[in-house]
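S.K.: One structure is given below, represented as structure tokens, and several questions about it will come after.
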Amino acid sequence: MLEIIWNTGLSHRDIAAVCCVSRRWRQEAGPGAAAIRALAGPNRDNVVMAAVGALARLGRHAAPHAGAIVVRLEHPNAGVRMAAAEALGMLGEHAAPHAGAIALRLEHAIPLVRRAAAEALGRLGEHAAPHVGAIAARLEHAIAGVRRAAAEALGRLGEHAAPHVGAITTRLEDTNADVRCAAVELAHANADVRLAAIKTLGRLGEHAAPHARAIAAQLETANAGLRWAALDLLGRLGEHATAHAGAMAARLEDASSEVRRAAVVALGRLGDHAAPHARAIAARLEHADADVRGSAVAALGSLGKHVAPHAGAIAALLEDADARVRVAALAALRGMGEHAAPHAGAIAARLEDADADV
């Protein structure tokens, strides 16, 4: 197939692009992988980037050429370096044998090469675990871009990065905003409403607990995405975040609807520790958004007997138009035990609910 493409008169860049998008080529390109690599001639940066991208999509067929991609981490063109880092990540286990060679670039004289190496290792996931110490050392680098790449790489390593959680959290106070974001790897799906969600510390699980205070400090930031992310992680930390229940409850009045909803969910995960804020949570039971109503009643359900004063408001949701809200209301009333007795009739009526899930 390579000969057919080559004889079309297309440019080198177009040929590489065809190789990237053709499913048939990806299936048959094993013997021709080296030919794509040959497209990477000197002073043809766009061709190099396209060729690197093509190799990345060949999976195991490109494994013999992973070393050549590693070399591109030192390319003078930033686009090529980024393409190489992404390609190595896409190759995953096929690039794993070169993790050591990539790690060596963390000591390169050129900061941008060190940054590309950190990004490449981050994309290799657990295959880069043996080099977690070297990556963590880059958190103190003078160049913000290198610090950011190191923080992002550690975030992708999850539990393997646990011994360095302290160094990661110090970046929450970094002088560079991008590094602060990378320290908590902000990457939420809806970039227009939120910048991201905390992943790095979240992936470290309970190892992040000693840093709950630093995380809670993000609740006061002007960035709604960071506030959302901090609430999400504090909620997942559960009892380790109880000291910050008040600060979390304050976000129930946040200007952002997404942050307010995150506050409801986070408080619900604190169980009895959120009891002092039951009234504020209950105020969300009449919210126009079914997701908010459902989150609020679920949060109240985790408070058990402490939510007894709001049993009536919860029982009213048994008539909610959204089945998910009705189910959450039933669960909350069940957790209240005898305090829900006055609403036994309304609960029994749900035995005839039109939705089988109720």
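The values are calculated or read from the model by the stated rules, or taken from the named source; none is laboratory data. Being a predicted model, the structure only gives us computed values, none of them experimental. A quick note on method: Cβ atoms are made from the backbone with ideal geometry, for glycine too, and the neighbour counts reach across all protein chains shown. We work out accessible area using only protein heavy atoms, side chains counted, and drop any ligands, DNA or RNA first. Shrake-Rupley method; radii C 1.70, N 1.55, O 1.52, S 1.80 Å.
S.K.: Using a/c under 1.5 as the rounded threshold, could you call the stretch 201-309 rounded, prolate or oblate? The axes a ≥ b ≥ c are square roots of the C-alpha gyration tensor eigenvalues, and prolate needs a/b larger than b/c, oblate otherwise.
M.R.: Here the stretch 201-309 falls in the oblate category.
S.K.: Let me ask something additional. Label-point separation (nm) for ALA209 and GLU253, each offset 7 Å from Cα along Cα-to-Cβ?
M.R.: Reported label-point gap for ALA209 and GLU253 is 3.2 nm.
S.K.: If a/c stays under 1.5 just call it rounded; otherwise compare a/b with b/c (prolate if a/b is bigger, oblate if not). Do that for the stretch 251-322, with a ≥ b ≥ c from the square roots of the Cα gyration tensor eigenvalues.
M.R.: Here the stretch 251-322 falls in the oblate category.
S.K.: Among 60-68, 286-294, how do they line up by average Cβ neighbours within 10 Å per residue, starting with the highest?
M.R.: Most protected by this proxy first, the peptides run 60-68, 286-294.
S.K.: I would also like to ask the following. From Cα pairs below 8 angstrom and at least 6 apart in sequence, can you work out the relative contact order of the stretch 231-358, rounded to a whole percent?
M.R.: So the answer I get is 19 percent.
S.K.: Specify whether the C-alpha gyration tensor of the stretch 70-138 places it in the rounded, prolate or oblate class, a ≥ b ≥ c being the square roots of the eigenvalues: rounded for a/c under 1.5, otherwise prolate if a/b is larger than b/c and oblate if not.
M.R.: oblate
S.K.: Next question. Could you order SER302, SER257 by accessible surface area, starting with the largest, using a probe radius of 1.4 Å?
M.R.: SER257, SER302
S.K.: Quick check: pseudo-label points 7 Å beyond the Cα along Cα→Cβ at ASN77 and ALA341, how many nm apart are they?
M.R.: 7.8
S.K.: State the extension gain, in nm to one decimal, for the chain segment bounded by ARG60 and ALA243, taking 0.36 nm per residue of separation less the distance between their alpha-carbons.
M.R.: Length difference between fully extended and current span is 60.9 nm.
S.K.: In whole percent, what relative contact order does the stretch 54-143 give with Cα contacts below 8 Å and a gap of six or more residues?
M.R.: 28 percent.
S.K.: Still on this structure, I have one more. Against the globular-protein guess of 2.2 N^0.38 Å, express the Cα radius of gyration of the stretch 42-169 as a ratio, rounded to two decimals.
M.R.: Relative to the rule-of-thumb radius for its length, the stretch 42-169 sits at 0.99.
S.K.: Please compute the length gained on full extension between ALA129 and GLU319, using 0.36 nm multiplied by the number of residues separating them and subtracting their Cα-Cα distance.
M.R.: 63.2 nm is the gain from fully extending ALA129 to GLU319.
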